[in-house]
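The values are calculated or read from the model by the stated rules, or taken from the named source; none is laboratory data. Keep in mind the model is a prediction, meaning the values are calculated, not measured. Cβ: placed from backbone, ideal geometry, glycine included. Neighbour counts: every protein chain shown. All accessible areas refer to the heavy atoms of the entire protein, side chains included, with ligands and DNA or RNA removed. Shrake-Rupley method; radii C 1.70, N 1.55, O 1.52, S 1.80 Å.
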Amino acid sequence: MLIERGCAKINLYLRIVGRRDDGYHLLDSLFVFAAVHDLLEVGPAETLTLQVGGPFGGALEGDAGENLVLRAARLLQETSGSAAGAAIRLVKNLPLASGLGGGSADAAATLRALNRLWRLDYSPMELAALGEKLGADVPAAIRSQPVRVGGIGDILTPAPVLPEFSVVLVNPGVALSTPRVFRAWAEANQTFAAPLADQPPPDFPGFVAWLQGVANDLEAPAQTLAPEITAVLAALERTPGAALARMSGSGATCFALYADPERAQAAAVALARAHGWWTWAGALTTAHPAL
Ligand code: C5P
């Protein structure tokens, strides 16, 4: 049996820099991946099967046929011409439709896991090109390492040097549809931002000051659809040691950055206890061993 992790994606900033004719938005974003993850277990089998469990597994049951895991598996079968199957188990630890790219992370983990199980030997770049067909965030999730993302999510360039920090994630339990948030942004905005030209300083205070000058452009429209986000951001900002609080992706998950891991832990515990929100504290993930 093989195990792969689908780590939570955080957009440290997200600028909308244009729109394609097909309606997809062109982005400039800095993705990092936290060490909290869905778990994917795959074993050899005659056919493709998927079993879903974990704290957020129940919410996925209705659409098992359309699940990105099975779509990724079928895409890899078709592309490689492989007749092999796989028994797949997904442990869903990340909240759904939450701005953490969980579905994309699962799709990427599936491509990595089945690439190994079926001994296909595709390179990370080839897997990323396949992943693009499954969702805009999948190419970056193949490596799950810090990366600067352009295009609709498909143009990956090296991330700047990042300082060490701890992250707290908070999800208030409201699902937000990504297309709805992009639509709300388009209704309220006529102009596009320019992609960032400068590099952040590599020390934590300098990095935070730099990040404060660049927003997540989707934060305001998401708050109009889910006012809980405003409360989450305010609560995160009030926690001792929080250097910056912001929404990730199209929401509703928000994050805060801390220099001190113990203060991050304390913040996550306190916010879960006070509000009943899903919270997590920890560091960014390390590299996937198989890549
Ligand atoms: O990530 P995924 O490809 O599933 O995106 C879901 C939806 O979010 C798209 O259908 C599109 O409406 C919107 N989107 C967008 N621009 C992006 C990414 C997503 O408009 N760069």
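Annotations for the structure displayed:
- Members of the range 198-249 found to be of a type in the set (Val, Ile, Thr) and more than 22 Å from the chain's Cα centre (by Cα), listed by number: Thr239
- The sole residue among Ala175, Ala193, Ala184 that is in contact with an Asp or Glu (Cβ under 9 Å, 6 or more places away or on another chain), within 14 Å of the ligand (Cβ to nearest atom) and of a type outside the set (S, T, N, Q) is Ala193.
- Some residue of the range 262-277 being within 16 Å of the ligand (Cβ to nearest atom), out of contact with any Asp or Glu (no Cβ under 7 Å at 6 or more places or on another chain) and open to solvent by less than 10 Å² (accessible area, probe 1.4 Å): no
- Counted residues, the range 139-183 - those being part of a helix (DSSP H, G or I) and open to solvent by 20 Å² or more (accessible area, probe 1.4 Å): 6
- There is at least one residue in the range 1-13 that is at pLDDT below 95, away from the ligand (no atom under 15 Å from the Cβ) and open to solvent by 40 Å² or more (accessible area, probe 1.4 Å).
- Residue within the range 105-114 that is modelled with pLDDT of 95 or more, of a type in the set (S, T, N, Q) and within 16 Å of the ligand (Cβ to nearest atom) present: yes
- Of all residues in the range 71-78, none are open to solvent by 10 Å² or more (accessible area, probe 1.4 Å), basic (Lys, Arg), more than 15 Å from the ligand (Cβ to nearest atom) and under 16 Å from Asp137 (Cβ atoms).
- Test: residue in the range 92-99 that is farther than 24 Å from His25 by Cβ and either open to solvent by 20 Å² or more (accessible area, probe 1.4 Å) or away from the ligand (no atom under 13 Å from the Cβ) (or both): yes
- When Leu127, Leu117 are checked against the criterion of being over 30 Å from Gly173 (Cα atoms), more than 16 Å from the ligand (Cβ to nearest atom), open to solvent by less than 10 Å² (accessible area, probe 1.4 Å) and not small (Gly, Ala, Ser), Leu127 stands alone in meeting it.
- Checking Glu219 against (1) of a type in the set (Asp, Glu); (2) more than 14 Å from the ligand (Cβ to nearest atom); (3) in contact (Cβ under 8 Å) with a residue 40 or more places away in the chain, the condition it does not meet: (3)
- Within the range 23-55, if we keep just the residues that are within 27 Å of Arg183 (Cα to Cα) and modelled with pLDDT under 95, the residue that is farthest from the ligand (Cβ to nearest atom) turns out to be Gly23.
Yes/no per residue for (1) under 22 Å from Glu126 (Cα atoms); (2) in contact with an Asp or Glu (Cβ under 6 Å, 6 or more places away or on another chain); (3) acidic (Asp, Glu):
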position: Leu40; (1), (2), (3): yes, yes, no
position: Glu46; (1), (2), (3): no, no, yes
position: Pro55; (1), (2), (3): no, no, no
position: Ala59; (1), (2), (3): no, no, no
position: Asn67; (1), (2), (3): yes, no, no
position: Leu76; (1), (2), (3): yes, no, no
position: Ala83; (1), (2), (3): yes, no, no
position: Pro95; (1), (2), (3): no, no, no
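- When residues in the range 184-212 are screened for being part of a loop (DSSP other than H, G, I, E, B) and either touching a strand residue (DSSP E or B) at 6+ places or on another chain (Cβ under 9 Å) or open to solvent by less than 20 Å² (accessible area, probe 1.4 Å) (or both), 7 of them pass.
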